[in-house]
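Trainee: Before anything else, here's the structure in question.
The values are calculated or read from the model by the stated rules, or taken from the named source; none is laboratory data. Everything quoted here is computed from the prediction, not taken from an experiment. Glycine also receives a Cβ, built like all others from the backbone with ideal geometry; neighbour counts cover every protein chain displayed. Keep in mind that these areas ignore ligands, DNA and RNA; they rest on the heavy atoms of the full protein, side chains included. Shrake-Rupley method; radii C 1.70, N 1.55, O 1.52, S 1.80 Å.
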Amino acid sequence: MGFERRIPTVRELIAAPKGELWIGTGLLVDGSSVVDVLQADGSYLGTLRPGSPFPLAFLPDRWVVAEERDNLGIERLVIYAVVR
């Protein structure tokens, strides 16, 4: 599987209603976060695309709420569907 040259730090952590853990780590050279998702038992579910926003809340079914900033620095809440 290989190894990372540096140990990732946990920047953000949230638990979904069904027990999955969403973990935001600072893995990329540019400092952007990568989000890994684990099942409640700790098994790996997957990684979101680099640059994906970290969820602030979860809605029923597959929907997550996140914050985004546009190129003017204006913040807004957005809703994303998570497709596995």
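Trainee: Quick check: net charge around Leu38, other residues with Cβ under 13 Å of its Cβ, Lys/Arg +1 and Asp/Glu -1?
Mentor: Charge balance near Leu38 sits at -2.
Trainee: So what is the relative contact order for the chain, in percent, with contacts set as C-alpha pairs under 8 Å and at least six apart?
Mentor: It rounds to 16 percent for the chain.
Trainee: For the stretch 33-84, what is the accessible area per residue in Å², given a 1.4 Å probe and the full set of protein chains?
Mentor: Spelled out: the 1.4 Å probe surface of the stretch 33-84, per residue, equals 72 Å².
Trainee: Which residue, chosen from Trp63, Ser43, Ala81, occupies the Cα position most advanced towards the positive end of the dipole of the chain, where the dipole is computed from +1 (Lys, Arg) and -1 (Asp, Glu) charges on Cβ about the Cα centre?
Mentor: It is Ser43.
Trainee: Follow-up question, since we're still on this one. So, with a 1.4 angstrom probe, what is the percent of accessible area on the chain that is carbon and sulfur?
Mentor: Carbon and sulfur: 57 percent of the exposed surface of the chain.
Trainee: Quick one: putting +1 on the C-beta of Lys and Arg, -1 on the C-beta of Asp and Glu, what dipole do you get for the chain around its Cα centre, in Debye to the nearest 20?
Mentor: About 140 debye.
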